[in-house]
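Here the structure is laid out as structure tokens; the discussion comes afterwards.
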Amino acid sequence: MTGLEDLYREIILDHYRSPRNRGELPSPPAQRVEGFNPLCGDEVVVYVQVHDGTVTDIRFAGQGCSISQSSASLMSSAVKGKSVTEARNLIRTFKAMMSVHEARLGDSPEGDVSSNGSAEDGADAPATDPESLGELAALQGVVKFPVRIKCATLSWNTLAQGLDEAEQGIVLDA
Amino acid sequence: MTNSRVDQKVAPTMRTDSCPSDVDFSKLKGDFPILGRTVHGHRVVYLDSASSAQRPQSVLDAMDSYYQTTHANVHRGVYTLAEEADRLYEAARVAVGRLIGAPDPEHEVIFTKNATEAINLVAATWARSNLGHGDVVLLTDMEHHANIVPWLMLAEERGIELRWIGIDDEYRLDLSDLDRLLDGVKLVACTTMSNVLGTITPFAQIAEAAHRAGAVVLADGAQSVPHVPTDVTRLGCDFLAFSAHKMLGPTGIGVLWGRRELLEAMPPFLGGGGMIRDVRHDGFTANVLPWKFEAGTPPIAEAVGFGAAVSYLESIGLDAIRAHEVDLTAYAQSVLAERFGDDLKIFGPPGTVERGGVLSLAYRDVHPHDLAQVLDQAGVCVRAGHHCAKPLMRRLGVNATARASLYLYNDESDVDVLADAIAEAGTLFA
Ligand SMILES: Cc1ncc(COP(=O)(O)O)c(C=O)c1O
């Protein structure tokens, strides 16, 4: 079963079995955003609370495979307490790590709706050092399994949308 | 003619008389070149035929030979190549019609792109000229999106009403309320076999009740026509839709069979060459059946390949294929139950009588994607996802299943490899 270890790293399995920040936040004040992967039926709901330019709290709910669930868990740990700018940089860096194939997969007939709006997709993503990703680098192996990239990026695209909506004030801080 | 040569190439491993019990299914894999492939160092164990089947060498040869010796556009030329292409194309139509017991295959078998297009054809022509605001179409909770979305589109466009036959605890259609559901219904559009549950629906019974209620009946035969002997008269359908690629044929071609009176009365579908008898500045006269519904250059090589696929299936016999799949399904059910007990759930009717060889699995809490990924490492091809049946998945209360589906080239060793690979997934996600 060589190859699978690249995908199912211990950190990933750990976050899958014991997800961090799983749950809900009252919305408002939190921004609640749903993401779907229409190819496989995975769903994620991200609750993100932004206060004074900082991600003060984040939770996620939904159903999905080990990759989408662990990615959401890792993401929530990584952005909690960070500034919105730092969170956006992290999203860009993470997606750059995943982007080699994602750009190609983007044309699939039932493409990931939630990623459509992200102008940062693909080639112009900044080449921030993946080393800076810490635990998140465990997801790097997913790139070798192109079909699963959408699983890994689902929660990130959903968070990006949540941050956009928070900044546009779609739900105002109560 | 090339046709007979194609026929003779069918399958070294098969008898050409129809004595189904003599077929040696254990040798059939050799007829399918792709099954000789390896993936990740393992032989391919192909368990995704419900999505798309593989092709025997005879189908590949028929298409190659057509392109190498015969190709020209159909219906248009007087020269020999064109005439031969025409004959092959029409011979395929008759062969396909024969397989489903069509009383008048020359006129009633319409080639489409796939089953989806066949259903859309009915929605765009028959339904548009027969259904209006408030008219009811009866569907079931186990339809594929191909037999849902065209009707939802019509509901949006002209306010038809959709009703749904539910399913019972053993994953069969719940017909206890059928007569009430049928009240005022103009069309029943129902699958003959679920692509998720494997359930073989009591279609003839539904059709009879529907006809009594004055409704027209469409059968989505995409899953059953490849696996179960089919006779449109015994089914009692007015329309039957299916795809070649699920029955050893090429992609890009499918069938709408319809009762001749209905087809005659329907307006054309797509407009263009081939489907007209005359075109003037101020109008056109549609061609006769079946070409009225076949605008533009049709999938000719695909039709030839489809004809060869039908020859292959017939030389084995659908009865024998069904019997083989029943045995193999029973084997899979017992092996999976023995090895995994309550850890593994099969969404579908128990036993083998009311079901085909489609096994939708849930294994412990291993997500279907992860299961399919681990299986792929062992060369096992199964599909994970919603299988284009989201209303059914909601009814089942799951987002996805991992689906293993069997066909004539599968055998017990494939099931054993599947079971071993499921066990590996269990270890990985322990
Ligand atoms: C029951 C059923 N209907 C319709 C279809 C659509 O077939 P196609 O994609 O070939 O049009 C499928 C294919 O999965 C199916 O299983």
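Which FRET efficiency value, to the nearest 0.05, is calculated for A:SER132 and B:ALA423 with the Förster distance at 30 angstrom and r the Cβ-Cβ distance? Efficiency for this residue pair is about 0.15. When the charge dipole of the protein assembly as shown is built from unit charges on Cβ atoms (+1 for Lys and Arg, -1 for Asp and Glu) and taken about the Cα centre, the candidate among B:GLY317, A:GLY162, B:TRP164 whose Cα reaches farthest toward its positive end is B:GLY317.
Calculate what fraction, in whole %, of the accessible area of region B:64-173 sits on carbon and sulfur atoms when a 1.4 Å probe is rolled over the protein chains. Ligands and nucleic acids excluded, carbon and sulfur reach 49 percent. Using a probe of 1.4 Å, the accessible surface attributed to A:GLU165 totals some 40 Å² when neighbouring protein chains are kept in position.
Every Cα-Cα pair in the protein assembly as shown was counted, and those over 41 Å apart are 34% of them.
Taking 0.36 nm per residue of separation and subtracting the current Cα-Cα distance, fully stretching the chain between B:HIS133 and B:THR297 would add 55.5 nm. Here's the picture: charge each Lys and Arg Cβ at +1 and each Asp and Glu Cβ at -1 in the protein assembly as shown, and of B:GLY214, B:PRO298, B:LEU138 the one pushed furthest to the positive end of that dipole is B:PRO298. Given B:LYS113/B:LYS292; A:LYS95/A:LYS150; A:LYS95/B:LYS390; B:LYS29/B:LYS246, which pairs have Cα atoms separated by over 20 Å? Those over the limit are A:LYS95/B:LYS390. Based on protein heavy atoms only, the protein assembly as shown ends up with 40 Å² per residue of surface accessible to a 1.4 Å probe. When chain B is treated as a GNM with alpha-carbon contacts under 10 Å, the residue of B:LEU182, B:LEU81, B:LEU47 showing the greatest mean-square fluctuation is B:LEU81. Remark: accessible area buried at the A-B interface is about 1700 Å², both chains counted, probe radius 1.4 Å. With both partners inside chain B, how many of the DSSP beta bridges are antiparallel, as a percent to the nearest 5? Approximately 60 percent, going by the DSSP bridge assignments. Within 10 Å, Cβ to Cβ, of B:ALA372, how many net charges do the neighbouring residues add up to if Lys/Arg are +1 and Asp/Glu are -1? Neighbour charge sum, excluding B:ALA372 itself: -1. Dividing the convex hull volume of the alpha carbon atoms of region B:244-340 by its residue count gives 153 Å³ per residue. Within the full protein context, the accessible area of A:TYR8 is estimated at about 10 Å² for a probe radius of 1.4 Å.
Placing +1 on the Cβ of every Lys and Arg and -1 on the Cβ of every Asp and Glu, with no other charges, gives the protein assembly as shown a dipole of roughly 460 debye about its Cα centre. Full extension of the chain between B:ALA72 and B:MET153 yields a length gain of 25.4 nm, computed as 0.36 nm times the residue separation minus the alpha carbon distance. Shown for chain B are the DSSP H helices of 18 Å or more along their axis, judged by Cα atoms, with a mean Kyte-Doolittle hydropathy of at least -0.5: B:80-99, B:300-316, B:318-340, B:412-428. Of the options B:SER65, A:GLY41, A:ILE91, report the single residue whose Cα projects farthest towards the positive end of the charge dipole of the protein assembly as shown (beta-carbon charges: Lys, Arg +1; Asp, Glu -1). Positive-most Cα among the choices belongs to B:SER65.
Placing unit charges on the Cβ atoms only, positive for Lys and Arg and negative for Asp and Glu, gives region B:331-430 a dipole magnitude near 680 debye about its Cα centre.
Need one number: the % of Cα-Cα pairs in region B:40-156 sitting beyond the 24 Å mark.
The calculated P(r) of region B:40-156 puts 52 percent of pairs beyond 24 Å.
Pick from B:ALA320, B:ALA50, B:ALA209: which is most flexible by mean-square fluctuation in a GNM of chain B where alpha carbon atoms under 10 Å apart are linked? Of B:ALA320, B:ALA50, B:ALA209, the Gaussian network model singles out B:ALA209 as fluctuating most.
In the protein assembly as shown, the DSSP-assigned H stretches of four residues or longer account for a calculated mean residue ellipticity at 222 nm of -11500 deg cm²/dmol, using -39500 (n - 2.57) per stretch and the full residue count as denominator. For chain B, a crude dipole built from +1 on the beta carbon of Lys and Arg and -1 on the beta carbon of Asp and Glu, taken about the Cα centre, is about 740 debye to the nearest 20.
Over chain B, all Cα pairs binned in 10 Å intervals from 0 give whole-percent P(r) values of 5, 21, 30, 25, 15, 4, 0, 0, listed from short to long.
Only protein heavy atoms count here; on that basis, with a 1.4 Å probe, A:HIS51 has an accessible area of about 90 Å².
Counting only protein chain heavy atoms and rolling a 1.4 Å probe, the accessible areas of B:PHE269, B:PHE293 rank, largest first, as B:PHE269, B:PHE293. Which residues does the label zone of B:PHE284 cover in region B:95-117, counting backbone N under 19 Å from a point 7 Å along Cα→Cβ? Only B:110-113 pass the distance filter. Shown for region B:59-315 is the translational diffusion coefficient from the Stokes-Einstein equation, using the Kirkwood radius over Cα pairs, a temperature of 25 °C and a viscosity of 0.890 mPa s: 130 µm²/s. For B:LEU152, A:LEU163, the ranking by accessible surface with the largest value first comes to B:LEU152, A:LEU163, using a 1.4 Å probe. Net length available on complete extension from B:GLN205 to B:ASP183 is 6.3 nm, with 0.36 nm assigned per residue and the Cα-Cα distance removed. Computed from the Cβ-Cβ distance with R0 of 35 Å, the FRET efficiency linking A:ASP52 to A:ARG17 stands at 0.50. When the Cα centres of region B:231-305 and region A:1-45 are compared, how far apart do they sit, in Å? What the calculation gives is 46 Å, centre to centre. Gaussian network model of chain B, Cα springs within a sub-10 Å range: biggest mean-square fluctuation belongs to which of B:GLU338, B:GLU264, B:GLU84? In this elastic network of chain B, the residue with the biggest mean-square fluctuation among B:GLU338, B:GLU264, B:GLU84 is B:GLU338.
Simple spin-label estimate for B:ASP327 and B:HIS40 gives 3.0 nm between the two label positions (7 Å along the Cα-to-Cβ direction from each Cα).
The values are calculated or read from the model by the stated rules, or taken from the named source; none is laboratory data. Just so you know, these numbers come straight off a predicted model, no measurement behind them. Heads up, the Cβs are rebuilt from the backbone with ideal geometry, glycines too, and the neighbour counts pull from every protein chain shown. Note: areas computed on protein heavy atoms with side chains; ligands, DNA, RNA excluded. Shrake-Rupley method; radii C 1.70, N 1.55, O 1.52, S 1.80 Å.
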